[in-house]
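Worksheet: the structure to be examined is printed underneath.
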Amino acid sequence: MAGGQGTIRTAAELFAADEAIDEAVCGIRLLDPGETRLKALRAHDPTPTPYFVLEELFKHYSFDKRTRLLDVGCGTGRVLAYFLKAGFPGKATGVELDPLLAATARFWASSHANLSVKEGSVLDLDLEAFTDFYLFNPFDWTVLQEFIAQVETQVRRPCTVVHMSDNGDSWWYMNRAGWTEVASGEFQHFTNERGYPVKVYESPQHYTVWRFEGASA
């Protein structure tokens, strides 16, 4: 459990505790930036993932010094902050379409050699260099289909993809060659150390963990 969350009793207290962790790790608070300014480009609202969610989801990755994690739609960099805080080996990169959010993430991440931030669309990146991917509902289903197809054509080795959203979007991965569902579940409440449930999301946020075996050479 992330530090400072043991006696949380409201969502506001949880978010405040997360922002305090941000400040300790990044030097700034990674506040919720609100609605996207880029809806016309099929982007969804940027939402920082709570640390308790990341603690659970990142148990599905197996990181080593060769790890190259890509956070798709990184916003101001909460996933990068967790990667840094947890002391994972390897490197993590965030890609963010919104220039202002990318600039905020780059501002604090640039002082860490194992982190980097790219401004622009994930569809303009060469994905071959990455071993793992994280998505928290960054864009609509049309872009997601293009992203999955790009993974299939560019990523040559097995990789792990963790995808979370209010509907899970799992069907876009189903019945595609090379993809295997490893785990799935949902988050709606945070439970503190005394077993008290705190409602965090109005509707459950579903996640699916996929293993892609890699494109044939």
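For the reader, a short list of remarks on this structure follows.
- Sub-6 Å Cβ pairs linking a first residue in segment 18-34 that is more than 10 Å from TRP108 (Cα to Cα) and in contact (Cβ under 8 Å) with a residue 12 or more places away in the chain to a second residue that is open to solvent by 90 Å² or more (accessible area, probe 1.4 Å) and part of a loop (DSSP other than H, G, I, E, B), at least 6 apart or interchain, are GLU19/ARG29; ASP22/ARG29, ordered by first then second residue.
- Condition met for ALA24 (out of contact with any Gly (no Cβ under 7 Å at 6 or more places or on another chain), modelled with pLDDT of 95 or more and closer than 17 Å to PRO138 by Cα): no
- Check on LEU101, open to solvent by less than 30 Å² (accessible area, probe 1.4 Å), hydrophobic (A, V, I, L, M, F, W, C) and either touching an Asp or Glu at 6+ places or on another chain (Cβ under 6 Å) or in contact (Cβ under 8 Å) with a residue 24 or more places away in the chain (or both): yes
- Subset of segment 104-133 (residues that are closer than 19 Å to VAL162 by Cβ, in contact (Cβ under 8 Å) with a residue 60 or more places away in the chain and out of contact with any Cys (no Cβ under 9 Å at 6 or more places or on another chain)): ALA129
- Residues (touching a His at 6+ places or on another chain (Cβ under 7 Å), assigned to a strand (DSSP E or B) and more than 20 Å from LYS91 (Cβ to Cβ)) located in segment 131-163: PHE139
- Candidates ARG157, ARG211 - the one that is modelled with pLDDT under 95 and either of a type in the set (A, V, I, L, M) or within 24 Å of THR67 (Cα to Cα) (or both): ARG157
- Any hit, segment 67-79, residues being open to solvent by 60 Å² or more (accessible area, probe 1.4 Å) and more than 27 Å from ILE8 (Cα to Cα): yes
The values are calculated or read from the model by the stated rules, or taken from the named source; none is laboratory data. Bear in mind the structure is a predicted one, so any value in this text is a computation, not a measurement. Here the Cβ is made from the backbone with ideal geometry for all residues, glycine too, and neighbour counts use every protein chain on show. Keep in mind that these areas ignore ligands, DNA and RNA; they rest on the heavy atoms of the full protein, side chains included. Shrake-Rupley method; radii C 1.70, N 1.55, O 1.52, S 1.80 Å.
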